[in-house]
Amino acid sequence: MSAPRSPRNGTTGPSAVERVYAHVAEAIITGAVGASSLLTEGEVAETLGISRTPVREAFLALEAHGLLTLFPKKGAVVTAQGDAETAELLQVRIMFETTAVSLHSARPGADRAVDDDLAALILEQEEAARAGDLLAFARADHRFHARVVDESRNRVIDDFYTQLGPRLKRLLHRVATRDPGSLEGFITEHRALAGYLSAGDAPGYEAALRRHVRHGLPAPLAP
């Protein structure tokens, strides 16, 4: 998701740390900088025309979000996203989302704002798919699932899911790059997921979500 926010002393626009974070995260998520690539503070600082201090802070945040591994006095290496990590990420997504949907469904007089929010995010995905903008699609895809997780009304769950955001966007971008035709299928499945949530059908949502996440896996998830 986003980089940690730094004090701005009344200025507007992103801080230097946020700019570095966004620049490097986008390069990793899109595959412009591949797994096992070495990044150094000096190179990134020179590219962006800033000092090394915000680069160092951004690297720490990127490591916390699972995109970099830091090596003191050497630099940072872009993490690989193998089959085992992919399966684990999607297992966590299933766990968090199904918990959120169950809690939402059991909540008397549940707020229906989530229905409108999910519909708006599906429209964003449709626009990104038409434009062929895989990065925008990956961001909207993650925000769709994160909005569902928000219905847990649990800050700890939200915090954990936020940490997973960059890796999940990276995974979706990789799947979409491999098969651009899958975008329409994702959108159709998101409509179905939104329908199950709106109907309060938690078992139906979980079954549909398990089918949905298999696009990113080399083998089916265990039940």
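With a cut-off of 15 Å between beta carbons, the residues surrounding Phe71 carry a summed charge of 0, where Lys and Arg count +1 and Asp and Glu -1. Accessible surface for segment 72-223, divided over its residues, is 48 Å² per residue with a 1.4 Å probe. Here r is the Cβ-Cβ distance between Ala106 and Asp133 and R0 is 41 Å; the resulting FRET efficiency, rounded to 0.05, is 0.65.
Taken over the alpha carbons of segment 32-85 as equal point scatterers, the Debye sum produces base-10 log I(q)/I(0) values at 0.13, 0.28, 0.30 Å⁻¹ of -0.31, -1.19, -1.29. Under 1.5 on a/c is rounded, so check that first for segment 121-181, then, if it is not, pick prolate when a/b is larger than b/c and oblate when it is not; a ≥ b ≥ c are the square roots of the alpha carbon gyration tensor eigenvalues. Note, shape of segment 121-181 comes out oblate. The accessible area of Tyr196, taken with all protein chains in place and a 1.4 Å probe, comes to roughly 70 Å². Got a number for carbon plus sulfur as a percent of the chain's accessible area, 1.4 Å probe? Summing carbon and sulfur atoms, their accessible area is 55 percent of the total for the chain. Rounded to the nearest 10 square angstrom, Asp150 shows an accessible area of 70 square angstrom against a 1.4 Å probe. Only one of [x] 46, 42, 38; [y] 53, 42, 32; [z] 63, 47, 28 was calculated from the structure for Cα extents along the principal axes in Å, and its label is [y]. With kT/(6 pi eta Rh) evaluated at 20 °C and eta = 1.002 mPa s, and Rh the Kirkwood radius from Cα pairs, segment 79-125 diffuses with a coefficient of 165 µm²/s according to Stokes-Einstein.
Given R₀ = 41 Å, what would the calculated FRET efficiency be for Arg56 paired with Met95, taking r from the Cβ atoms and rounding to 0.05? It comes to 0.75. Rg over Rh for segment 31-147 works out to 1.08, both radii taken from alpha-carbon positions and Rh defined as the Kirkwood radius.
With a Förster radius of 22 Å applied to the beta-carbon distance between Glu126 and Ala192, the computed FRET efficiency rounds to 0.90. With every protein chain in place and a 1.4 angstrom probe, the accessible-area ranking of Val92, Val114, Val156, largest first, reads Val156, Val92, Val114.
Solvent-accessible surface of protein heavy atoms, probed at 1.4 angstrom with all chains present, puts Phe96, Phe144, Phe71, Phe160 in the order Phe160, Phe71, Phe96, Phe144, largest first.
The values are calculated or read from the model by the stated rules, or taken from the named source; none is laboratory data. Everything numeric here is computed off the predicted structure, so don't read it as measured data. Heads up, the Cβs are rebuilt from the backbone with ideal geometry, glycines too, and the neighbour counts pull from every protein chain shown. Ligands, DNA and RNA are excluded from the accessible area calculation, which covers all protein heavy atoms including side chains. Shrake-Rupley method; radii C 1.70, N 1.55, O 1.52, S 1.80 Å.
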